Protein chains: 2
Amino acid sequence: MTSAFALSDHDSAQLPLATELIAVIVASSGGAARILTIGGGDRLPSGPLESRHRSLQSGLRAWVEAQTRHQLGYMEQLYTFADPDRTGSAPNVRVISVSYLGLTRESQKASFSDAGWRDWYRYFPWEDHRAGAPPLIAAAIAPRLSAWAHGATTAALRRERRQRADITFGLNGHRWNEELALHRYELMFEAGLVEEAHRAGADLRERAGLFGRPMVHDHRRILATGIARLRAKIKYRPVVFELMPDEFTLFQLQQTVESLSGRLLHKQNFRRFIEQQQLVEETGDIATETGGRPAKLFRFRREVRIERAIGGTKLPTPRS
Amino acid sequence: MTSAFALSDHDSAQLPLATELIAVIVASSGGAARILTIGGGDRLPSGPLESRHRSLQSGLRAWVEAQTRHQLGYMEQLYTFADPDRTGSAPNVRVISVSYLGLTRESQKASFSDAGWRDWYRYFPWEDHRAGAPPLIAAAIAPRLSAWAHGATTAALRRERRQRADITFGLNGHRWNEELALHRYELMFEAGLVEEAHRAGADLRERAGLFGRPMVHDHRRILATGIARLRAKIKYRPVVFELMPDEFTLFQLQQTVESLSGRLLHKQNFRRFIEQQQLVEETGDIATETGGRPAKLFRFRREVRIERAIGGTKLPTPRS
DNA sequence: ACCCTTATGCTGAAACTGAGCATTTCAGTA
DNA sequence: TACTGAAATGCTCAGTTTCAGCATAAGGGT
C-alpha cells in the first residue's frame, strides 16, 4: 500500500490528464423543450479547459459561444466523470469531464455552423407523457425489459431487475415518476436497448432510432442527467424564470413547465400554485392571440428572485 | 470548429493539470454528527487521482483508507472546483478538485495517524439549533452582517445584503432553514467573518474560533456543501440508513436525523412518518437502557432499499 | 406506593391537494 | 345581432397530510 503522503513524488503515479467541459443547454419554445447541439444533433457543445479560462463555468461559456454563437445565462454544475474508458480518446490519458446544465431563451436565430436546437424528446421518446404514456413503452420497452429481467442468472437478480423496470417506467401498478429520467436511461443501457450500449463491439444492435436518437460518447447519458435534474429542480426552485420571455401568460408558463416535465398539469391548480408563490405580477397588458378569452400578461417579480433563489417551492399535481 | 478532443494539439492552450479528490465523511453517534478529518482536525481527507485508480470514487476510497484506515460505504459526488487560486499550490498548475460526500458508521475505533472524528458544529457553531437558535447569531453574527450590509456602496446592494442575511439566518421574521448551510457560510465569508476570508493577506482577522474553527484552503466550504446537501437529501431519500447500526430504537433514529439537520423534531410525528414510509420493521427485541419505558428495536427493511433508493420521501416538521 | 422518564397511541384543527363545475370574454360565423 | 367555440378565470369540496397536543403505558429508582 502506498503511504498516504508519498503522493506527488511518485512519478509512477502521475497521470496524463485532460479535461472536457460539456454543456446541456435547455430552452423551451412553443411547448417544446429543446437542447442545443452541434454535429448535426449528435453531440453536446463541449471543449477542454484552457489556461485562458478563469473557471470551469467561464470555460464552458467560451466553448458554447464558440461552437454555437449562443450566450448563456443561468448555469449549474451537473456531474463530473473520469472513467478510464469513458471516451474514445487516447487510452493513456485520463479525461475528466465536467458537465453543466444551462437554461436560456433560444434567442439567437437558430444556428451557427452545425449547431442547432433539437427537441429533447427525440433522444428520449419514452419521456414525453403529455399525451399519455407513449405506446412505445408498452409495445417495445416493457417486453424487452421483461425479457432482460428474465434472462438474469439468479432469482434475486431477476427480481431486482423486474422491480427496477416497474418502478422507473411506472409498470405494474407503479406510478410514472418523471424525475427518474436518468434511471430509465441507465436501465435501457444495461438492458442493451439503446445504441450506445453496443458501441464497444456487439452484435445485437437495435434498430437506430426506435429507442431514441443516439449521441456521441456518453452525451445522451449526460443529457438524461440534465433532464432528471431539471425536472426535479423545477418543483422547488423557480428556474423556469430563465426560460421565459419578459412577458408571458400563465398558460405559456404552464406549457413550458409541461414541456420540461413531460406531463400535463391541472390548469386551475397550476394557477393557484403560481399565485400563492407570488412569483409573478400582472403587467397590465393582455395577450390577444390566445384563440379564446384574452389572457393577462405577467412578468416575474424582481423582488422575489433573491428570496426564491434561496428558498423553496413545490409544483402541483398532474392533470388528466 | 474544433472537436472536443482536438485540443491536445494546441500547445499554447495546454494547461498543466492536477487533480484533487476531497472527502466529506459523515457519521453520527450519540446524537452528534461527526466528520472524518486529518491534520488534527483542520483538513478533510484528500489526495490526487492516480493511474491505479479506476474511477474518481475508487480513488477517493483509496485515499481515505490510506489516510484514516477507514472503509467507506455510501458515497455521492458533491461538487467540482477549478478556480485558479483555489489552493495554495503551484501557481502554474490548474487544480481540479472533486469532492464527495460519504456516509458511514464511525466503526473503526477512532484514529490512525492524525485522523479523527470531529463534531461538525465545531466548524459551524451557528448551525446547531437543537437547543434553539444559538446566542452567537443574535450576539455576534447578526450585528456584523448588519454592519456589513450597511457598508455597501449602493442602496440596492445594501438591500440585497440585508435580505440575504435575513433569509439565510432566519432574521427579522424569516424562518430558519437548515438547508441553507452553504449560503450561510458563503455569506459569512463575503462579510469577512470567517478566518478563511482573510487568508490572502488582510488585517481584520477575526478572533479564531468565535465563528467556528477554520480549515485549510476551502475545506470548510466543502464541508458546508456536504452539510447542506445531506440536510436536503435526508428529507426525500432514506440516507440515514447508512449512519445507523443494525438495530436501533426510533428515538435513536430521530436523534441521528436531528443531529444532522440541527433541529429538533416532533417525536410522535416523526414516528408516524417513519411508519408510513415502511422503512423499518421491529426486530422483536427491546432496548432496556433508555431510562424510561423500554423501546422496541427496529431494523431497516431490506426489501425497501431498492425502491427507496429510487423513489422519494419527506421529513416531518419541527418540534418546539 | 410514588415519582421520574421515555415510549407509544390518539385526536382535532389547519393547511394543502386533486378534481370539477361555473362564469367571463374574446373571435368568428350564421 | 345572436350564437358558438375556445380559453381564461373564479370557486367549491372532499380527501389527505401536517402540526401540535393530550393521554396512557411501562420501565427504574427512592
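The values are calculated or read from the model by the stated rules, or taken from the named source; none is laboratory data. Everything numeric here is computed off the predicted structure, so don't read it as measured data. All Cβ positions, glycine included, derive from the backbone under ideal geometry; neighbour counts span all protein chains shown. Note: accessible area is taken over every heavy atom of the protein model, side chains too, but ligands, DNA and RNA are not part of it. Shrake-Rupley method; radii C 1.70, N 1.55, O 1.52, S 1.80 Å.
Here the accessible area is traced with a 1.4 Å probe on the protein chains. For the stretch A:236-310, carbon and sulfur cover 44 percent of it. Would the stretch A:213-292 count as rounded, prolate or oblate if I go by the C-alpha gyration tensor, calling it rounded below 1.5 in a/c and otherwise prolate when a/b exceeds b/c, oblate otherwise? Verdict is prolate for the stretch A:213-292.
Which residues of the stretch B:151-179 bury at least 30 Å² of accessible area once all protein chains are present, versus their chain alone (1.4 Å probe)? Flagged in the stretch B:151-179: B:GLN163, B:ILE167. Based on protein heavy atoms only, the stretch A:15-120 ends up with 35 Å² per residue of surface accessible to a 1.4 Å probe.
For the pairs B:LYS233/B:LYS267; A:LYS267/B:LYS267; A:LYS296/B:LYS233, flag any whose C-alpha to C-alpha distance is greater than 32 Å. Checking Cα-Cα distances, A:LYS267/B:LYS267; A:LYS296/B:LYS233 exceed 32 Å.
Neighbouring Cβ atoms from other chains, within 10 Å of the Cβ of residues in A:44-55, number 5 on average. Checking every one of the GluC sites (Glu not before Pro) in the stretch B:250-299 against DSSP loop status and a limit of 12 other Cβ atoms within 10 Å picks out B:GLU289. If you take all other residues with their beta carbon under 13 Å from the beta carbon of B:GLU275, and give Lys and Arg +1 and Asp and Glu -1, the sum is +3.
The contact residues of the stretch A:62-85, meaning those that lose at least 30 Å² of 1.4 Å-probe accessible area when all protein chains sit together rather than their chain alone, are A:TRP63, A:GLN67, A:GLN77, A:TYR79, A:THR80, A:ALA82. Computed over protein heavy atoms with a 1.4 Å probe, the accessible surface of the stretch B:235-310 works out to 53 Å² per residue. At an R0 of 25 angstrom, the distance between the Cβ atoms of A:ARG69 and A:ASP119 translates into a FRET efficiency of 0.75.
In order along the stretch B:97-105, phi translates into HN-Hα couplings of 10, 10, 9, 10, 10, x, 10, 8, 10 Hz, rounded to whole numbers, per the Karplus curve 6.51 cos²θ - 1.76 cosθ + 1.60 with θ = phi - 60° and x for Gly and Pro.
In the stretch A:125-214, Cα pairs under 8 Å separated by at least six residues give a relative contact order of 20 percent. Per the accessible-area calculation with a 1.4 Å probe, the total area buried between chain A and chain B rounds to 4300 Å². Couplings for the stretch B:120-136, taken from phi via the Karplus curve 6.51 cos²θ - 1.76 cosθ + 1.60 with θ = phi - 60°, read 6, 6, 5, 8, 9, x, 7, 8, 8, 10, 5, 10, x, 4, x, x, 3 Hz in order; Gly and Pro are left as x.
The H on the amide N of A:LEU264, modeled in the peptide plane, is under 5 Å from the matching H of A:ARG319, each at least 5 residues off or on a different chain. Each Cα pair under 8 Å and six or more residues apart adds its sequence gap; the mean of these over the residue count of the stretch B:91-171 is a relative contact order of 15 percent. Charged neighbours of A:GLN67, selected by a Cβ distance under 10 Å, balance to 0 (K, R count +1; D, E count -1).
The spacing between the stretch A:226-269 and the stretch B:165-180, judged by their C-alpha centroids, is 27 Å. Summing charges over neighbours of B:ARG105, with a neighbour being any other residue whose Cβ is under 10 Å away from its Cβ, gives -3 when K and R count +1 and D and E count -1. Across the stretch B:224-240, rounded Karplus estimates of 3J(HN,Hα) from the backbone phi angles (6.51 cos²θ - 1.76 cosθ + 1.60, θ = phi - 60°) give 4, 4, x, 5, 4, 5, 5, 5, 6, 5, 4, 7, 10, 9, x, 7, 4 Hz, Gly and Pro being marked x.
For A:LYS235 and A:ARG105, the difference between the fully extended length at 0.36 nm per residue and the C-alpha to C-alpha distance is 44.8 nm.
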